[in-house]
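J.: I'd like to ask you about the structure that follows.
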Amino acid sequence: MSEKKPWRLRRAPGIDRILSVLNRDASIDALPSLVRAVKSGPHSATLSSSAIIIDANAILRIPSQQKNADIIDYITGIHTGPVILPGQVVQEFWNNQASVATTIYAKIKSKHSELVKEIERAQETVSSETDEMASAVAEFKVRNDHVFDAELVLKTSQFLERLMAKAKVPFAPRTGLDTIASHRKRAKTPPGFEDNGDGDFLVWVDALFGLSKEQRRGSKFTHVIMLTDDKKIDWCRGQTAHPILHAEMKAILGVDFEVWNLKHFSKVVADVL
């Protein structure tokens, strides 16, 4: 009677290369990425030759952008490259963003309305001293227009439904990631060293895993663009991607990595259309 071989977990294709780079078992060419970040402008990619990653905060903000229909049409229909919605983003959207949209945003809108009324009353007597406050409050509303969108939940739901036919939602295997994440956080290796948990790091791994799979399927792209309004320096400084993230993307996939905010993305889409 033959001896039964022990069961072993089969490694997902592509994950070994990703883990070796993230853990620095394989080297990255960090200095050229640093020079690129310091010397060049933040954006060089063209949409037609790029893959797109969508971050959690972008899911809520995209439906409230000006010309949001054009943006959504481009992402879900016109764009020919891969569109990646990392599995961790789906989790974080439900855990954080979705609850914010239905509870905290409603409170912010209410408090904003109260503040506007108080400032208007004050302007009747001391307008010169309250004009600056009125301007700041108005600017807050402009910069956070998604908070004040009465149909935000409905528009977001419709956007997600459109994404179902286009976006890939990869989950990288989690085995071994906790140790790598811990070492990276202590060394302030992006992304996620400014957060308490490992969510941003898992978003990054899921994105790399999904993009690697798309390359093996024959998808061609020279750049990867992450759409996010996250301003933390563990993703980007201004609109320039952290050079370590660029170096890791280059080492794993051989392509350039950029971070685009939604304002810039909207302008580029308008030019394309």
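J.: Can you name every residue in the stretch 203-237 that is under 16 Å from PRO82 (Cα atoms) and charged (D, E, K, R)?
T.: Listed by number, the residues that qualify are ASP206, LYS213, GLU214, ARG216, ARG217, LYS220.
J.: Residues in the stretch 176-193: is at least one under 20 Å from ILE84 (Cα atoms), open to solvent by 10 Å² or more (accessible area, probe 1.4 Å) and part of a loop (DSSP other than H, G, I, E, B)?
T.: no
J.: Any residue in the stretch 265-272 that is farther than 23 Å from THR80 by Cβ and either open to solvent by 10 Å² or more (accessible area, probe 1.4 Å) or not basic (Lys, Arg) (or both)? Even if it seems obvious, please write down each step before you answer.
T.: First pass over the stretch 265-272, keeping only residues farther than 23 Å from THR80 by Cβ: none.
No, that holds for no residue.
J.: OK, next. In the stretch 50-83, which residues are among the hydroxyl-bearing types (Ser, Thr, Tyr) and out of contact with any strand residue (DSSP E or B) (no Cβ under 8 Å at 6 or more places or on another chain)?
T.: Scanning the stretch 50-83 gives SER64, TYR74, THR80.
J.: Further, regarding this structure: Go through the stretch 194-216 and give me each residue that's open to solvent by 30 Å² or more (accessible area, probe 1.4 Å), part of a helix (DSSP H, G or I) and among the polar types (S, T, N, Q).
T.: GLN215, the sole residue that qualifies.
J.: A further question on this structure: Which condition from (1) under 16 Å from the mean Cα position of the chain (by Cα); (2) modelled with pLDDT of 95 or more; (3) more than 26 Å from VAL35 (Cβ to Cβ); (4) not in a helix (DSSP H, G or I) is the one that SER219 breaks?
T.: (1)
J.: If you don't mind, there's one more thing I want to ask. Restricting to helices (runs of 4 or more DSSP H) lying wholly in the stretch 1-75: which have 3 or more residues that are within 22 Å of GLY210 (Cα to Cα) and modelled with pLDDT of 85 or more?
T.: It comes to 15-22, 56-61.
J.: Can you spot a residue in the stretch 227-249 that is in contact with a strand residue (DSSP E or B) (Cβ under 7 Å, 6 or more places away or on another chain) and open to solvent by 30 Å² or more (accessible area, probe 1.4 Å)?
T.: Checked the stretch 227-249: at least one residue is in contact with a strand residue (DSSP E or B) (Cβ under 7 Å, 6 or more places away or on another chain) and open to solvent by 30 Å² or more (accessible area, probe 1.4 Å).
J.: Now, a different point. Count, please, the residues in the stretch 250-264 that happen to be open to solvent by 10 Å² or more (accessible area, probe 1.4 Å), under 23 Å from ASP16 (Cα atoms) and not in a loop (DSSP other than H, G, I, E, B).
T.: The number of residues fulfilling the criteria is 5.
The values are calculated or read from the model by the stated rules, or taken from the named source; none is laboratory data. The structure displayed is predicted, hence computed values, not measured ones. All Cβ positions, even for glycine, are placed from backbone atoms using ideal geometry, and neighbour counts span all protein chains on display. Just so you know, the surface numbers come from the protein's heavy atoms only, side chains and all, with ligands and any DNA or RNA stripped out. Shrake-Rupley method; radii C 1.70, N 1.55, O 1.52, S 1.80 Å.
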